1. Points 7 angstrom from Cα along the Cβ direction at Cys26 and Arg243: gap in nanometres?
2. Which order do peptides 65-72, 27-34, 214-221 fall in by mean Cβ count within 10 Å, highest first?
3. Taking 0.36 nm per residue of separation and subtracting the Cα-Cα distance, what length does fully extending Tyr90 through Gln135 add?
4. Excluding residues on the same chain fewer than 8 positions from Lys157, give the lysines whose Cα lies under 19 Å from its Cα.
5. Report the full-extension gain for the segment Ser77 to Val236: residue separation times 0.36 nm, less the Cα-Cα distance, to one decimal in nm.
6. For the residue pair Arg60 and Arg39, what label-to-label distance in nm results when each label sits 7 Å from Cα along the Cα-to-beta-carbon direction?
7. Any idea how far apart Arg261 and Thr112 come out in nm if each label point goes 7 Å out from Cα toward Cβ?
8. Determine which lysines satisfy two conditions relative to Lys21: a Cα distance under 27 Å, and not lying fewer than 8 residues away in the same chain.
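Nothing in this text is a laboratory measurement; each read-out follows from the coordinates by a stated rule. Note that the coordinates shown come from a computational prediction; the quantities given were computed from them, not determined experimentally. Cβ: placed from backbone, ideal geometry, glycine included. Neighbour counts: every protein chain shown.
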Amino acid sequence: MIDFEQLEIPGLPPSLDPPIKRCRRCWTVKPAGEFSFDRSRHDGLARQCRECDSDRHKERRRENGDLIRVRARRRYSASPEQKRRAAAEYRRTDKGKRLNLEAVKRYRDRNTHKLAAHLAVKKALAAGDLVRPDQCQIAHVGNCSGRIEAHHDDYSKPLEVRWLCTGHHQASHTKTRTYDEPTPNLFTVNPEPAVHQDLARALRRWPRARWIVGKGNWGHVTFCPGGETVELFPTVEGALAARATLDGKACCSTHCVGQHRVMRVAIDQPG
């Protein structure tokens with residue numbers, strides 16, 4: 001396809017105007033700098049502008065956020081050391097440093113009350129009004145890891161804290177779906193009758209499940225603090241393979257390490 005806007009006629013000086021392109025989603029003509037790179041395209045630029053691409057990803061996360069997060073955790077659990085090294089290398093780049101500073105600024109602007117509570121705890125520790133203990137307050141639960149940190153249940157009371165280890169502190173801030181909220185239906189993209197039957201059986205088998213995805217009579221079940229997460233498979237081999245990728249690793253927090261099981265959805269039906 002010939003791009004007439006970029007076509008140069010021999011004998012005439014090249015155009016000094018910046019290159020432009022029309023977005024295939026909003027149909028707005030924008031400078032080429034508003035588009036991401038895409039080597040598969042003839043002009044090396046994506047079909048959609050960055051703004052439309054961002055809106056598309058936000059919409060996708062709103063519709064299938066639970067499924068996207070679970071898949072991301074599974075990819076991370078498969079090779080955590082490699083992911084951590086890649087993230088550390090990216091943060092050392094100029095772009096990574098700039099984006100990290102912007103993220104820190106956004107967090108501080110949104111959470112001034114949290115920063116004030118953290119500063120109050122720091123001053124109280126320096127003055128001796130608060131004393132950091134040597135043990136996590138919920139050490140009896142097990143799976144303690146990291147140093148002892150101050151956790152606020154109510155940031156309006158900055159000096160009322162619980163002393164938790166890093167693992168339990170992070171788990172306490174994990175957002176979990178309450179059981180009163182409806183279970184997200186992730187089967188809207190494939191409305192087959194068999195899928196709905198599998199979903200109904202799985203909901204009867206695990207009524208407190210936070211999300212259920214897939215189809216089949218075998219489930220890979222993760223027992224998280226906020227409820228079960230279930231991935232269905234037509235064969236037991238598929239469920240066992242899914243469990244093998246997470247055995248001995250944390251799915252969403254340190255509490256669910258090793259709590260992965262392969263279970264049959266309906267006992268009265270063949271696998």
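1. Those two pseudo-labels are separated by 4.9 nm.
2. Taking the mean over residues of other Cβ atoms within 10 Å, the ranking is 214-221, 65-72, 27-34.
3. 12.7 nm
4. Within reach: Lys114, Lys122, Lys123.
5. In short, 55.1 nm is gained.
6. 2.0 nm
7. In this crude spin-label approximation the distance works out to 5.0 nm.
8. Lys30, Lys58, Lys95
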